[in-house]
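The values are calculated or read from the model by the stated rules, or taken from the named source; none is laboratory data. Note that the coordinates shown come from a computational prediction; the quantities given were computed from them, not determined experimentally. Quick reminder, even Gly has a Cβ in these numbers, built from the backbone with ideal geometry, and neighbours come from all protein chains shown. Note: accessible area is taken over every heavy atom of the protein model, side chains too, but ligands, DNA and RNA are not part of it. Shrake-Rupley method; radii C 1.70, N 1.55, O 1.52, S 1.80 Å.
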Number of protein chains: 4
Amino acid sequence: MAQTSPDTAILLIHAPDQPGLVAAVSGFIAQRGGNIVALDEHVDAGVFFLRVAWQLPGFALSADELGGAIRSELAEPFGMSWQLHFSNQRPRLAIFVSTLPHCLYDILSRWQSGEWRVDIPLIISNHETLRPVAEQFGIPFHCFPITAETKQAQERAELELLRAHDIDLVVLARYMQIVSPVLIEAYPERIINIHHSFLPAFAGAKPYHAAHERGVKIIGATSHYVTEDLDAGPIIDQDVTPISHRDAVDDLIRKGRDLEKIVLARAVWSHLQRNVLCYGNRTVVFE
Amino acid sequence: MAQTSPDTAILLIHAPDQPGLVAAVSGFIAQRGGNIVALDEHVDAGVFFLRVAWQLPGFALSADELGGAIRSELAEPFGMSWQLHFSNQRPRLAIFVSTLPHCLYDILSRWQSGEWRVDIPLIISNHETLRPVAEQFGIPFHCFPITAETKQAQERAELELLRAHDIDLVVLARYMQIVSPVLIEAYPERIINIHHSFLPAFAGAKPYHAAHERGVKIIGATSHYVTEDLDAGPIIDQDVTPISHRDAVDDLIRKGRDLEKIVLARAVWSHLQRNVLCYGNRTVVFE
Amino acid sequence: MAQTSPDTAILLIHAPDQPGLVAAVSGFIAQRGGNIVALDEHVDAGVFFLRVAWQLPGFALSADELGGAIRSELAEPFGMSWQLHFSNQRPRLAIFVSTLPHCLYDILSRWQSGEWRVDIPLIISNHETLRPVAEQFGIPFHCFPITAETKQAQERAELELLRAHDIDLVVLARYMQIVSPVLIEAYPERIINIHHSFLPAFAGAKPYHAAHERGVKIIGATSHYVTEDLDAGPIIDQDVTPISHRDAVDDLIRKGRDLEKIVLARAVWSHLQRNVLCYGNRTVVFE
Amino acid sequence: MAQTSPDTAILLIHAPDQPGLVAAVSGFIAQRGGNIVALDEHVDAGVFFLRVAWQLPGFALSADELGGAIRSELAEPFGMSWQLHFSNQRPRLAIFVSTLPHCLYDILSRWQSGEWRVDIPLIISNHETLRPVAEQFGIPFHCFPITAETKQAQERAELELLRAHDIDLVVLARYMQIVSPVLIEAYPERIINIHHSFLPAFAGAKPYHAAHERGVKIIGATSHYVTEDLDAGPIIDQDVTPISHRDAVDDLIRKGRDLEKIVLARAVWSHLQRNVLCYGNRTVVFE
């Protein structure tokens, strides 16, 4: 789907499945003169998921009134969980990196060229290595070296910084540190990681070495929301590329870089388009 | 989506886009106690497309009453074109073949094993070559040799046979004859062909030779509805496979066989699931 | 590479890497008037791998003399392990199945249509279910029901049958029994299995259920040589297909069937072309 | 294959096929103490292609002597065309761009991060648009606005600049001008373009619009050497991505950007590794 044009509202819902849900939501919008530009629904194991987008010009309710009306007319009667987004909001991203630059370059290029309509107020790292890249793109770079002793304090400082900058989404762009619950709980379903394997194969450290050792004929990359279980959060996107016996570990690393940056970017895009709903440990990714 | 369970109704609609369409259709179903199990919509250039499926048990209208109610309450007020299908209908397929057996084996295997819930009352060919395959699977085989002189008469005879057997869908499984308007007009959007290239590249004869000559690094296959323009009808499905300089034309033919049979089977499956809507020369293929 | 034309010799070698190996082998062939039609080499961790094919017409040595000359002039001086094959040998395959027919249909179709130039003297199963398929294709079907008590005796009987029929390659076409060492040791690197996941993810039973539970966005299939470690033998081929939240377990099973049959067929083809060399627990698959 | 380690020689050959070619080349290297680290050969329609790489330390000939020995002992006796490269040479690239930045960002990121070991002494454009990107990465940017009247003179000026900087390879990174024979003849098989379609489908202008109009289900990108026939030169690499009816032209453009930058980078990498040989209008791309 095209990047949602300005001035649309996007409503994400999940609720116990029951007859009449689509009729209720679409009726709610139609009665107020809203023209639906996208509607996707999904039902899985008795749970109903909906993403609906409609044009705001000509719609009877203001953005301020809309939330209250959804609550009283839809959410309460049908027991819905819901999120409301507006396409003219500009999401604010923080990027976490360590020493590998390829995902960082890729994200900054998409931002600087206007491919992504987001703000990136800061980059956080546990190493100084990539400060020149951040500076070259004009983004403030904050280095928080981490040791076992300092980890807790540093992450609390990072969290303060994220809050001070009103960050909506944290992107771990090959950040080589396990993120602690203090951050995860502050940003539930709002921290996206890229893991350099086709999960659940080769979770943990050195997946390319493990893939080479096992002799697989395809390698992959996986983007997922971060949860407290390492490399086990809800998967947003995955992709793969063929390899052969000719590929040494260094070749897997080289070929994997391109996979990683593309799969991470696609996951962030899906999140920013408000196409993703989590349930249990899985995702609905509308297109 | 899973093969639709028995006892669902499937309604396909296209109409001029306007506010209230989803509300009207979903309301129509909800008011009569129908539980929607799948709903997909799409809007393109002012045209609205919808596929909605709901459970018939507990629904207030009988199958016989349903068509009339759709007509008066939905189609006429909103200017809709529509098709209504029932999942307990068993589609009837005719297979057209010439001398290459791989798509035929694949289709007959899916039918015989119960993977496809269809009837195949007959196979039509312009050659005797594949009669033993048809006989081995117990399907009547009708041979209509075709020359420039006999073509018109033979196709009329084929059409009578298709009608006598109440055929819903014609599958050209590497049938190496251009099908005439007499057949195409009798089965609009109901004849599916497999072309052994990534259309629109290499339309016409000998696409593997042309692909080799051009030095492409990927070959493809395309399934499409047959129209009067050769290899130019609405595309339902496509897939590709990488090749290299090591692949001679014979290798392209060998690798292409697997592509062809899978891409043809996926297109037929999509059609049988009533997931496909044509508009202009393109398709909406809901999933 | 094209299916090797009749009347070529194929020599597979691995040896400790050292200067002069390619020169020695290619010189050996050239001095006797052999024209090399394919030569691939690979070096990994100090081990040298070579596959070379040359035309026999005009070659100075007969097939009978060739082995001795390779041994004395190449293998002994360079410490090579080697296999010699002739393209006019017609490999003899045994197929093992249980109750799922799609890989069996696919293999028998390739055999009956002449796509594969092999003999299939027998099909072995632990169930009667697929006897009609075997009979329809005219292949003897041997049923060996297996319980914990009978397993050892039944596998010994199977082994006798394989030997009596001079079987070169055993293909496990969704055979749902763990094969015992007695068979594995008799056919080292000559039993090919298809596992219905992207190994090493989801080894063992019910991989599609596990994939659905984990919420992956891609499913796969893996063909490998059978070793005593379940689903852990050298991988020959893998492929994948995208899925989404819309796909229930039944959809994964349906989409997986096409993957399984294609990936198994490609692995068997590579083996039959003598393109595969094992080392450690990995494979070199020349193309 | 891993990026060739420093201090190897790479010899590319094509010659009329004849017995003894591999033996002659590998013997030439072995007799002088060279250890072959990679050897690939290919025969197509009576033409023999070879890429061989060997370690220079310990090799009996100096880089200066090597060319003469190849000429007299191999090239002349066997009628070979050949190129000799050394892995410690650092290739010099010129990038041509217009207004779209994604391929430029991608290339500059690979260069700046050290992923590619090349020099990029200059960027040439027919627009000022991307000067800030060049400056941000510290690369001289030369703008040559082009009109029908100035084209010839401007291209001659560009050519002088390329020669002054001793450029080995020209990369057209979404350069939206047809390049004239004056440049093409100066850099035969050394100008790589990215075309935003799966060639030969949708050659020429606006391929994404054409793809959308035709209703294809997959889009592609193609990297090729530039010849005087527009979009018709030898193809080096291609890749594709699936699309659906939900994708408007803007979505094709967005999804295509990622394809374009990856396919262009892979082609440049193959060229830089000296893996590519042209023949007729096709390529051998060794891996």
When you scan region A:270-284, do you find a residue that is assigned to a helix (DSSP H, G or I), over 30 Å from C:Tyr225 (Cα atoms) and touching a residue at least 60 places away in the same chain (Cβ under 8 Å), even just one?
yes
Can you confirm whether D:His209 is free of Cβ contacts under 8 Å to residues at least 60 places away in the same chain and at the interface with another protein chain (Cβ under 9 Å from one of its Cβ atoms)?
no
Is one or more of the residues making up region C:142-158 open to solvent by 40 Å² or more (accessible area, probe 1.4 Å) and within 14 Å of another protein chain (Cβ to nearest Cβ)?
no
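Quick check on B:Thr129: is it within 20 Å of B:Cys103 (Cα to Cα) and of a type in the set (Ser, Thr, Tyr)?
When the stated conditions are applied, B:Thr129 passes them.
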Failed item, numbered, when C:Ile253 is tested on (1) under 24 Å from the mean Cα position of the chain (by Cα); (2) open to solvent by less than 30 Å² (accessible area, probe 1.4 Å); (3) under 28 Å from A:His42 (Cβ atoms)
(2)
From B:Gln83, B:Gln55, grab the single residue that is polar (S, T, N, Q), in contact (Cβ under 8 Å) with a residue 60 or more places away in the chain and surrounded by fewer than 22 Cβ atoms within 10 Å (Cβ to Cβ).
B:Gln83
Pairs please, first residue from region B:98-109 and touching a residue at least 40 places away in the same chain (Cβ under 8 Å) and surrounded by fewer than 23 Cβ atoms within 10 Å (Cβ to Cβ), second anywhere and polar (S, T, N, Q) and outside any loop (DSSP other than H, G, I, E, B), Cβ atoms under 8 Å, 6+ apart in sequence or on different chains.
B:Ser98/B:Ser125; B:His102/C:Ser109
Could you list, in sequence order, the residues of region A:206-236 that are open to solvent by less than 30 Å² (accessible area, probe 1.4 Å) and not hydrophobic (A, V, I, L, M, F, W, C)?
A:Pro207, A:Tyr208, A:Gly215, A:Lys217, A:Gly220, A:Thr222, A:Ser223, A:His224, A:Tyr225, A:Asp231, A:Gly233, A:Pro234
Could you grab me the full set of residues in region C:238-250 that are more than 7 Å from every other protein chain (Cβ to nearest Cβ), in a strand (DSSP E or B) and of a type outside the set (Val, Ile, Thr)?
C:Asp239, C:Pro242
Count - residues of region C:7-32 that are in contact with a Gly (Cβ under 7 Å, 6 or more places away or on another chain) and either open to solvent by 40 Å² or more (accessible area, probe 1.4 Å) or more than 8 Å from chain D (Cβ to nearest Cβ) (or both):
4
Output the number of the condition that C:Asp64 fails; it satisfies all remaining conditions of (1) buried (at least 20 other Cβ atoms within 10 Å of the Cβ); (2) within 20 Å of C:Val52 (Cβ to Cβ); (3) of a type in the set (D, E, K, R).
(1)
Being surrounded by 22 or more Cβ atoms within 10 Å (Cβ to Cβ), in a loop (DSSP other than H, G, I, E, B) and of a type outside the set (Phe, Trp, Tyr) is the filter here, so list the residues in region A:175-205 that pass it.
A:His196, A:Ser197, A:Leu199, A:Ala201
Hey, could you check region D:272-284 for residues that are touching a Leu at 6+ places or on another chain (Cβ under 8 Å) and under 16 Å from D:Ala38 (Cα atoms) and say which is farthest from the other protein chains (Cβ to nearest Cβ)?
D:Arg274
If we ask which residues in region C:216-237 are more than 13 Å from the chain's Cα centre (by Cα) and touching a residue at least 24 places away in the same chain (Cβ under 8 Å), their number turns out to be 10
Only residues that are in contact (Cβ under 8 Å) with a residue 40 or more places away in the chain and more than 26 Å from C:Arg110 (Cβ to Cβ): list them for region B:118-157, please.
B:Pro121
State which residue is farthest from A:Ile29 (Cα to Cα) when the search covers only region B:11-69 and only residues that are in contact with a helix residue (DSSP H, G or I) (Cβ under 9 Å, 6 or more places away or on another chain) and among the charged types (D, E, K, R).
B:Arg32
Here the qualifying pairs (Cβ atoms under 6 Å; residues six or more apart or on different chains; first in region A:188-202 and in the same structural domain as A:Pro242 (by TED's automatic domain parsing); second at pLDDT 95 or above and charged (D, E, K, R)) come out as A:Ile194/A:Glu260; A:His196/A:Glu260; A:Pro200/C:Arg214
D:Leu259 fails exactly one of the following numbered conditions: (1) out of contact with any Ser or Thr (no Cβ under 8 Å at 6 or more places or on another chain); (2) modelled with pLDDT of 95 or more; (3) of a type in the set (A, V, I, L, M). What is the number of that condition?
(1)
Given the conditions (1) more than 9 Å from chain C (Cβ to nearest Cβ); (2) surrounded by fewer than 21 Cβ atoms within 10 Å (Cβ to Cβ); (3) of a type outside the set (A, V, I, L, M, F, W, C); (4) touching a strand residue (DSSP E or B) at 6+ places or on another chain (Cβ under 9 Å), which single one is not true for A:Glu287?
(1)
For C:Gly68, all conditions in the list (1) in contact with a Ser or Thr (Cβ under 8 Å, 6 or more places away or on another chain); (2) without any contact (Cβ under 8 Å) to a residue 12 or more places away in the chain hold save one; what is the number of the exception?
(1)
Test result for B:Ala265, open to solvent by 20 Å² or more (accessible area, probe 1.4 Å), in the same structural domain as B:Tyr187 (by TED's automatic domain parsing) and touching a residue at least 24 places away in the same chain (Cβ under 8 Å):
no
For residues in region D:33-52 being open to solvent by 30 Å² or more (accessible area, probe 1.4 Å) and either basic (Lys, Arg) or under 24 Å from B:Ala248 (Cβ atoms) (or both), which is nearest to the other protein chains (Cβ to nearest Cβ)?
D:Val43
Please pick out the residue among D:Ile253, D:Ile235, D:Ile218 that is more than 7 Å from chain B (Cβ to nearest Cβ) and not small (Gly, Ala, Ser).
D:Ile253
